[in-house]
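Data first, discussion second: the structure below is written as structure tokens.
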Amino acid sequence: MGKSWSHLETKLIHAGEPEKPIEGAVSMPVFQSSTFVYTGAGSYHDLKYIRLNNTPNHVLLHRKLAALENAEAALVTASGMAAISVVFLALLSPGDHFLAQDCLYGGTHGLLTKELAGLGISFDFFDGNISESWKTLLRPETRMIYVETMTNPLLGVADLKAVADFAKAHGIISVIDNTFASPVNFRPSEWGFDLSLHSCTKYLNGHSDIVAGAVIGRAELIEKITHTLNHLGGSLDPHACFLLDRGLKTLAVRMRYQNESALKIARFLEAHPKIEMVNYPGLASHPAHERARDLFDGFSGMLSFELAGDVETAERFLEGIQIPFVAPSLGGVESLITRPATTSHAGMTPEERDALGISETLIRFSVGLEATDDLIADFEQALKG
Ligand code: PLP
């Protein structure tokens, strides 16, 4: 397991895998055993037990995920939300304050607004579209700044380098949800972020068949977070670990295809007379396009758009679409389309969504691996309805 490779494609296949195949198996076997024979572990956290996320299938993923983002360490969790919540619970205490980008995945927004305040942890939202808007909100008790690489569902791109630099300058922890970009398009530790989070449910696994999460970053923080997670119990089952590792092996080819396909579809939609607006950082019309070009190796397979018309028009369009499944979630091999106001961001009030620009008619599209021309033809026919 000591080998290292410079290219992400090779790391996806080989990083963290057993150096000598177990019983000659080229695919890592699943160690579906809750407990392992005691060998004199020095501490509670070193006992080998599935809840402690340290069986061979977990260890493989920890090494692979750290290698993919050129980070020191990683930890897998039971879901993306388990990864996000354990980071807050491990690193913040009552009386602490943190800064969070205002446009976030709805589940994260709910965790902040409905759970953390009750624990005596306070925060301020800042608008990531306004440069350095976070600066004036810093307090003596501020401990963390939290952003998304590309915001869900509006695909905004904050000045991520400035966020990481600001955190360093003030000795606070920088955390980024890198789910939308994946390590193929953005590696947060290379830009100075302390921690990167993933819903591995999405691109990293890529097949819409498991729920999983990961925290990747500085070893000292990962150790602390691991100990908290060991108490909370948000472990990933070994079979899900196996599926995640299998999914990861094709991440680069999937993601690059999805990057390319999404750009073509975004251009098609932007030119269509029935479409009012397209949010995609790869379009020259995106307000942060130049910044996204500097930061990212690709712009991901996620886009959102507004149709001319009302909610009924949007619903008619979704009824008319034939290839994508109308479903929440994203990052799978199959295209998924949804109206965030009814799914990913349904936990927010209409007023909260309105303030962020998440309209009732906004449609979010996760581009799958179907032929781009088939998807465009499908959009074309649905837009005629
Ligand atoms: N982060 C982002 C950007 C997401 O879109 C999601 C889910 O949609 C999550 C985190 C939560 O992940 P999970 O559903 O795996 O808990």
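Ligands, DNA and RNA are left out, and with a 1.4 angstrom probe the accessible area of the chain is 41 Å² per residue. Shape of the stretch 251-383 from its Cα gyration tensor (a ≥ b ≥ c, root eigenvalues): rounded if a/c is under 1.5, otherwise prolate when a/b > b/c, or oblate? Rounded. The gain in end-to-end length when the ALA346 to ARG218 segment is fully stretched comes to 42.7 nm, 0.36 nm per residue minus the alpha carbon separation. Computed from label points 7 Å out along Cα-Cβ, the spacing between GLN32 and THR228 is 3.3 nm.
Find out how many positive minus negative residues lie around ALA219, taking Lys and Arg as positive, Asp and Glu as negative, among other residues whose Cβ is under 14 Å from that of ALA219. Before the final figure, lay out each step's value.
On the way: positive: ARG63, ARG218, LYS224; negative: GLU69, GLU72, ASP194, GLU220, GLU223.
Local charge sum for ALA219: -2.
Computed from label points 7 Å out along Cα-Cβ, the spacing between ALA327 and GLU270 is 3.0 nm. Computed extension length for GLU334-ASP297: 11.1 nm, one decimal, from 0.36 nm per residue of separation with the Cα-Cα distance subtracted.
Could you work out which residue, out of GLU312, GLU17, GLU115, moves most in a Gaussian network model of the chain, that is, has the largest mean-square fluctuation with Cα springs under 10 Å? Highest fluctuation of the listed residues: GLU312. The chymotrypsin sites (Phe, Trp or Tyr not before Pro) of the stretch 19-104 meeting both criteria, a DSSP state outside H, G, I, E and B (loop) and at most 15 other C-beta atoms within 10 angstrom of the site's C-beta, are PHE36, TYR38. In this structure, HIS207 and ALA371 have a Cβ-Cβ separation that, at R0 = 22 Å, corresponds to a calculated FRET efficiency of about 0.75. Computed from label points 7 Å out along Cα-Cβ, the spacing between GLU23 and GLU260 is 3.9 nm.
By average Cβ neighbour count within 10 Å, what is the ranking of 341-347, 67-73, 143-149 from highest down?
On the way: 341-347: 18.4, 67-73: 20.4, 143-149: 24.3.
Highest mean packing first, the order is 143-149, 67-73, 341-347.
Need one value: the accessible area of ILE323 in square angstrom, 1.4 angstrom probe, rounded to the nearest 10. Only protein atoms counted, so the area is about 60 Å². Across the stretch 109-139, the residues whose backbone nitrogen lies under 20 Å from the label position 7 Å along the beta-carbon direction of GLU290 are 128-133. Bridgeable lysines around LYS168 (alpha carbons under 20 Å apart, same-chain partners fewer than 8 residues away excluded): LYS135, LYS224. Largest GNM mean-square fluctuation among PRO183, PRO153, PRO29, using the chain with Cα springs under 10 Å: PRO29. Measuring r between the beta carbons of HIS239 and TYR44 and using R0 = 25 Å, the FRET efficiency lands at 0.50. Per-residue ellipticity at 222 nm, computed for the chain from helices alone with -39500 (n - 2.57) per DSSP H run of at least four residues, works out to -10500 deg cm²/dmol.
Test of understanding: what is the full-extension gain from HIS14 to ALA355, defined as 0.36 nm times their sequence separation minus their Cα-Cα distance? Could you put the intermediate results ahead of the total?
Numbers: separation 341, 0.36 × 341 = 122.76 nm, distance 4.55 nm.
Computed gain between HIS14 and ALA355 is 118.2 nm.
Contact order normalised by length for the stretch 1-109, with contacts defined as Cα pairs under 8 Å and 6 or more residues apart; what percent is it? The partial results should precede the final answer.
Numbers: 84 pairs, mean separation 21.9, N = 109.
Relative contact order comes out at 20 percent.
In the structure displayed, which of LYS64/LYS249; LYS11/LYS48; LYS202/LYS249; LYS20/LYS249; LYS274/LYS384 lie more than 20 Å apart, Cα to Cα? Spell out each step's value before the answer.
Values: LYS64/LYS249 10 Å; LYS11/LYS48 26 Å; LYS202/LYS249 14 Å; LYS20/LYS249 18 Å; LYS274/LYS384 9 Å.
The answer is LYS11/LYS48.
Surface composition of the stretch 73-169: carbon and sulfur make up 55 percent of the accessible area, probe 1.4 Å. Test of understanding: in a Gaussian network model of the chain with alpha carbons linked when under 10 Å, which of LYS114, LYS64, LYS161 would top the mean-square fluctuation ranking? In this elastic network of the chain, the residue with the biggest mean-square fluctuation among LYS114, LYS64, LYS161 is LYS114. The residues neighbouring TYR280, those whose beta-carbon lies less than 10 Å from its own, together hold a net charge of 0 under the Lys/Arg +1, Asp/Glu -1 convention.
Translational diffusion of the chain, estimated by Stokes-Einstein from the Kirkwood radius over alpha carbon pairs at 25 °C in a medium of 0.890 mPa s, is 115 µm² per second.
Sequence-distant contacts, meaning Cα pairs under 8 Å at least 6 residues apart, place the relative contact order of the stretch 8-248 at 26 percent.
The values are calculated or read from the model by the stated rules, or taken from the named source; none is laboratory data. Keep in mind it's a predicted model, so treat the numbers as computed, not measured. Note that each Cβ is placed from the backbone with ideal geometry, even for glycine, and that neighbours are counted across all protein chains shown. Only protein heavy atoms, including side chains, enter the accessible area calculation; ligands, DNA and RNA are left aside. Shrake-Rupley method; radii C 1.70, N 1.55, O 1.52, S 1.80 Å.
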